[in-house]
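Novice: Please see the structure below; I have some questions.
Bear in mind that the values in this text are calculations on the coordinates, not laboratory data. Please read these numbers as outputs of a predicted model, since none were measured by experiment. Positions of Cβ are generated from backbone atoms using ideal geometry, with glycine treated the same way; all protein chains shown enter the neighbour counts.
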Amino acid sequence: MSQKPKPSHGLAVCPGCAEPLDAGDRFCGACGHDLSAAPAAGAGPDRPTAAIGTPVTWPDAPSRDPGSLSTATQHPGDLPGTDSGGRDLPAAEGRADGPGPGARPAPGAPAPVPASASASAPASGGDFELAAPDPRAAVRADPAPAAPAVHPAFCVACRAGRVDADGYCENCGHAQPRERDHVERELERVAAVSDRGLRHHRNEDAFTVSATTLPDGSPATLAIVCDGVSSATRPDDASAAAAEAAGASLLAALPRGTDPRQAMHEAIVAAAEAVNSLAEEPGSDDGQTRRNAPACTIVGSVVADGLLVVGWVGDSRAYWVPDDRSVPSVRLTEDDSWAAQMVATGLMSEAEAYADERAHAITGWLGADAYELDPHTSAFKPDRSGVVVVCTDGLWNYAEGADDMARVVPADAADRPLHGARVLVGHALDGGGHDNITVALVPFPFPARETGPA
């Protein structure tokens, strides 16, 4: 049996559209991608993603006592996740939230704040079905104020044809990257990156990162990450509305002196109300919209006054990764999923629950058709410096356990959070990029202890 010769460009599939390539191809026959510009195969592990084009701005439960938790000894159990094989969940028990984990029960079943940046998107006129090239091959754009959408003068795929006003190449017909396909934000103490991934036709994730001050003048940093439920209507609008509302709520509450745990709870409630309102907009079909209402998950983190607070609904996660990697990393959230519920109630063992096809159907989300809003909040007092990883399942599918996540977080992530976030997105893209990928990194600076005179 003859062996297929290895392509001279070192690629088996096109980095733009995943079309199989033949030996000697200079351009992809499906999308026109220039293979001579593709990154060489076998590049090093530290391969951060980069932005495409000009950066843009996308348009009460009781609190827990934080005590004095040490991340090395007290933390939630680390539940296993799932791989990202691109398989839809069965419709009998849940609706798929894109490929991989994240689903919810089927319909019918039992003003701007300073020092903040958000990632969401204006309503689009339709979905471009052609894939954009791998964003890691593009040049990074530094954060800048919001700017109107401007299509590149020349096609990013064939690099020859001009782009028309509708965003398509006049030469090869390739759809150009949209505003939300790849977005980066960096502030002094927090950074985030969101990417469409390699399989989805649009980015349904959104984030907000912000910095503010407490009444005593000490700094507070927050990150909110939301993942739209793909089987719902307008998932991209849902995630954008939730991220904006939660971020605005925290920025209003923290400077007033609201306890960060209560502020996080109120932020999730505000996010839920924002998503619910999408189902009530004039002109929407009330019956159909409420049966399949816009929906998303949410996870957030606040670092303030030596306290780390996380809040969530759904299966987006937060991890704690100490700078000293000899200390165990910790997953700070516990998924709202069918499998987690079976294990928690003692109805199944962990192995049995996660072997079931319903394992990753989500049991909690934000949306008008949610059974009940149950925001989860936890507070921790880490005993050392580190970084908080706030992400959607598009990342943790490829680094499920806390130790797995710690291995892919760069050692200097606390000092260079934007670079660290880009490396993590690049890790998910290298793994297959089957889902939208969003990650925010929030450094936790542990205050130096004052020493008295000798």
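Novice: Would you please put 358-371, 427-440, 242-255 in order of how densely packed they are, using the mean number of other Cβ atoms within 10 angstrom per residue and starting with the highest?
Specialist: Details: 358-371: 23.1, 427-440: 26.3, 242-255: 24.7.
With the highest mean Cβ count within 10 Å placed first, the list reads 427-440, 242-255, 358-371.
Novice: Shifting gears a bit: Using a 10 Å cut-off on Cβ atoms, rank the peptides 273-279, 378-384 from the highest mean neighbour count down. List each step's numbers first, then the result.
Specialist: Numbers: 273-279: 21.0, 378-384: 18.4.
Result, highest mean Cβ count within 10 Å first: 273-279, 378-384.
Novice: When the Cα centres of the range 241-263 and the range 163-207 are compared, how far apart do they sit, in Å?
Specialist: 28
Novice: To continue, here is another question. Take every Cα-Cα pair in the range 389-435 and report what % of them are more than 15 Å apart.
Specialist: On the way: 394 of 1081 pairs.
Taking all Cα-Cα pairs of the range 389-435, the fraction more than 15 Å apart is 36 percent.
Novice: Taking the range 348-454, which GluC sites (Glu not before Pro) meet the DSSP loop condition and have no more than 15 other C-beta atoms within 10 Å? Each step should come with its number before you reach the end.
Specialist: Values: sites: Glu350, Glu352, Glu357, Glu372, Glu400, Glu450; in loops: Glu357, Glu372, Glu400, Glu450.
Qualifying residues, ordered by number: Glu357, Glu372, Glu450.
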